[in-house]
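Peer 1: Before I ask anything, here is the structure I am working with.
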Ligand code: SF4
C-alpha cells in the first residue's frame, strides 16, 4: 500500500481539510478512470510483420480526439461512449482473452484520449502473464506526457503522420497544430523504442517504430513534406507504412462528410496508381527507403468495417501490405 498525495476532504468541526492519505487498492482503482471499449477482435489487415504471421488482437477504444470526415471507423470514433465501460481490470481481462484466442500481438487502437486507464490495463495484463508485443496505434496527436505513461509498457509504436500542412489538417480532421504535435509525438515514440530492425520488418516485429501515412487523392496529405519531416526528426532508419487504401465511401455517411466532398472534390475518389508512385518517389527523395506498400488498385470496395457485426472487418488478401526496401 503506497502513500499517494490524494486530495480528500475530511470534515472537522464543520470545516473541510485537504490531506494526503494512504491509498488503498480500492481507492487506487477509483482514481483510475474507466476505459470505453467499442470492439475487441483478431485483426488480419495490419502490416505483415505485426503478429509474426498470426492476427493482431486489437482493442478498438471508443471515440477519437480528431474528426476526420473520411474516417472508416466513424461508427465508433465519433461515439466516445460506444461499447462497454470497463475498469482497467476488466480491460486487462479482455487483453488476456485476445492473447488466449491466438493473437500474435496486442493492438491498442485510438488510445490517446483514454491513456491513463489503458496504461493501467496493460500493466495489469503484464502482471497477469501477457508476454506478447503491445502495439500503440494512434493518430499521432499524443501529448508527450501521455506517451511517457506507456514507456516500458509498449513495444511497438504505430502512429499516423497524416498531414504535412496544418491548414489541411484543420479542414479535414478539425485538429489544430497537427504537424508540430505529430512531430513531437513521433520523436518521443522513437526515443522509447527506436527503429524497427530491418530483419524484423520482413518477419516478426517485437520492438520499434512504424509510422503510417495514408496517401490522399490530389496530394492533399502533402506526402513529400511528411516524409521530409520524418527523415529530419527520426532519421532515415524509419520504417514507413505508405497506405493506398483511401476510400471515399465514409464521406457519404454524414452531412459533414458530404460538405467536405463538395469543398474538396478530389476526396470523392480513390487515389490513382500515378499518385501513389509519386508518393513513393517523394519518400525516396526524402531519404526514406524502408516502406510497407499497398496495391492502390485494390482499395477496399466493400471492405469497410461495420462495428455492428461481431466480426467488423471483411478480409481480402489483396489489400495486405507488401514490404519494400528501395536500393
Ligand atoms: S484519427 Fe483515425 S480514428 Fe480518428 S477520426 Fe481520424 S481516421 Fe478516424
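Peer 1: Per DSSP helix of 4 or more residues, -39500 (n - 2.57); summed, then divided by the residues of the chain. What does that give at 222 nm, rounded to the nearest 500?
Peer 2: The helix contribution divided over the chain gives -9500 deg cm²/dmol.
Peer 1: Also, I was wondering about something else. Short version: what are the Cα gyration tensor semi-axes of region 92-171, square root of 5 times each eigenvalue, largest first, in whole Å?
Peer 2: 27, 13, 10
Peer 1: Starting from one equal scatterer on each C-alpha and no solvent at all, send me the Debye-based log10 I(q)/I(0) for the chain at q = 0.08, 0.15 Å⁻¹, two decimals.
Peer 2: Each listed q maps to, in turn, -0.38, -1.28.
Peer 1: Of the listed peptides 32-39, 221-228, 156-163, what is their order by residue-averaged count of other C-beta atoms within 10 Å, with the highest listed first? All intermediate terms of the calculation are to be shown ahead of the outcome.
Peer 2: Values: 32-39: 20.4, 221-228: 22.4, 156-163: 25.1.
Ranking, from highest mean packing down: 156-163, 221-228, 32-39.
Peer 1: Here's something else I'd like to know. Would you mind calculating the gained length between residue 255 and residue 174 on full extension (0.36 nm times residue separation, minus the Cα-Cα distance), in nm to one decimal?
Peer 2: Difference between extended and current length: 27.7 nm.
Peer 1: Next up: For the chain, take the longest principal axis of its alpha carbons; what is the angle in degrees between that and the long axis of helix 223-234, to the nearest 10 within 0 to 90?
Peer 2: 50 degrees
Peer 1: If you don't mind, another one. Before anything else, pin down the relative contact order of the chain: Cα pairs under 8 Å, at least 6 apart, normalised by residue count, whole percent. Show your work: numbers first, answer last.
Peer 2: On the way: 675 pairs, mean separation 50.4, N = 327.
Relative CO of the chain lands at 15 percent.
Peer 1: Treating the angle as unsigned and between 0 and 90°, give the value, to the nearest 10°, between the Cα long axis of helix 178-193 and the longest Cα principal axis of the chain.
Peer 2: 70 degrees
Peer 1: Taking the Cα atoms of region 159-282, report the difference between the largest and smallest coordinate on each principal axis, in whole Å and largest first.
Peer 2: Projected onto the principal axes, the Cα atoms of region 159-282 cover 43, 30, 24 Å.
Peer 1: Tilt of helix 115-127 relative to the longest C-alpha principal axis of the chain, in degrees (0 to 90, nearest 10)?
Peer 2: It is inclined by approximately 80 degrees.
Peer 1: Using square roots of five times the C-alpha gyration tensor eigenvalues, list the equivalent-ellipsoid semi-axes of region 237-291 in whole Å, biggest first.
Peer 2: Its equivalent ellipsoid spans semi-axes of 29, 11, 9 Å.
Peer 1: Something else: First measure r as the distance between the Cβ atoms of residue 151 and residue 89, then evaluate 1/(1 + (r/R0)^6) with R0 = 25 Å and state the FRET efficiency to the nearest 0.05.
Peer 2: The value I calculate is 0.70.
Taken together, the values in this text are just the output of simple stated rules run on the coordinates, not laboratory data. Just so it is clear, the model here is predicted, and its values are computed rather than measured. Every residue, glycine as well, gets a Cβ built from its backbone with ideal geometry; the counts of neighbours run over all protein chains shown.
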